[in-house]
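Inspection log for the structure reproduced underneath, given as structure tokens.
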Amino acid sequence: MVGTRRFSSSGFTSEEAPMIDTAASGKVSLTPLAETEETDPRSQRARAERMSVTPLGGGLYEVESQSDNTYFVDLLGSRCTCPDHMMRGVRCKHIRRVAIEINEGRVPPPGKEAVECARCESVVFVDEKTAAAGPHFCDRCRLEPGEPVVDRATGDLLVVVAMTDYRANQVEVPGRDCTVAEYPTNEGYPADDPVVEVLYPIPSGLRPEQVEPRHVRRYSFPRSRLQRPGRPGNQSELSDFPEPK
């Protein structure tokens, strides 16, 4: 376990609390934004010089400068261990670079951690306190409870109950000697796809006493088999639900 760093008047000192280890942004120069008409030399150097930024958690960032020197930025306190800030008390290029990379989505802001989407492996920023819990999904892959989806195989409209933490090759199909991944109609979908529990919409016009167990039965689908529906041309289509099989 790596210790965290605490900012003191002479820089950072080590502590025994855990420090989040996340990937650094590449050591590159950033394209100057001509339209900003930025004239401050430190802001210009913050973009022009090759630097890499590594989030350490708790609002702390490690910055490797173009000179290969490494400094630590406390963004919430607007402090840096570089001589420019320590001796002159100015908002140095390293503090500015961290702020720029956060604004451009290259590194997570304070309180967030960069993790991979469990489905498409794109980077998503999540709360530091829940990052280890996982799995996490990006906005494009995540399906929320109550969200309508369409079965790619049949065209049926379904309603999401929950996006589970399990994979298709881990969930058994009730009454069948196979997993969701092995189910015949799921052939071709990733075996490690996240499993989504869905309902067939209850047919319109049913009175409460007419609702049967089959109407509220949950079905497990691999995420890749489900897609968000296109906007219907006639909103009345949303109430024309077929009887579940």
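Some points to look at:
- If the condition is being at pLDDT 90 or above and either under 19 Å from Ala118 (Cα atoms) or surrounded by 15 or more Cβ atoms within 10 Å (Cβ to Cβ) (or both), then the stretch 193-220 contributes Asp193, Pro194, Val195, Val196, Glu197, Val198, Leu199, Tyr200, Tyr219, Ser220.
- Within the stretch 43-95, considering residues that are on the phi > 0 side of the Ramachandran plot and touching a Ser or Thr at 6+ places or on another chain (Cβ under 8 Å), the one surrounded by the most Cβ atoms within 10 Å (Cβ to Cβ): Gly57
- Residues satisfying the stated conditions in the stretch 115-134, i.e. touching a Pro at 6+ places or on another chain (Cβ under 7 Å) and either assigned by TED's automatic domain parsing to the domain that holds Glu104 or over 21 Å from Glu104 (Cβ atoms) (or both): Ala118, Arg119
- Residue ID - modelled with the lowest pLDDT, chosen from residues in the stretch 132-174 that are farther than 17 Å from Tyr200 by Cβ and small (Gly, Ala, Ser): Gly134
- Condition met for Val98 (surrounded by 20 or more Cβ atoms within 10 Å (Cβ to Cβ), touching a Phe, Trp or Tyr at 6+ places or on another chain (Cβ under 8 Å), outside any strand (DSSP E or B) and among the β-branched types (Val, Ile, Thr)): yes
- Scan of the stretch 53-83 for residues that are out of contact with any Pro (no Cβ under 7 Å at 6 or more places or on another chain) and of a type in the set (Ser, Thr, Tyr), ordered by number: Thr54, Ser65, Ser67, Thr70, Tyr71, Ser78, Thr81
- Considering only residues in the stretch 150-177 that are surrounded by 14 or more Cβ atoms within 10 Å (Cβ to Cβ) and of a type in the set (Val, Ile, Thr), the one that is farthest from His136 (Cα to Cα) turns out to be Val173.
The values are calculated or read from the model by the stated rules, or taken from the named source; none is laboratory data. All of these numbers come straight from a predicted model, not from anything done at the bench. Neighbour counts are summed over all protein chains in view; Cβ atoms, including those assigned to glycine, are modelled from backbone coordinates with ideal geometry.
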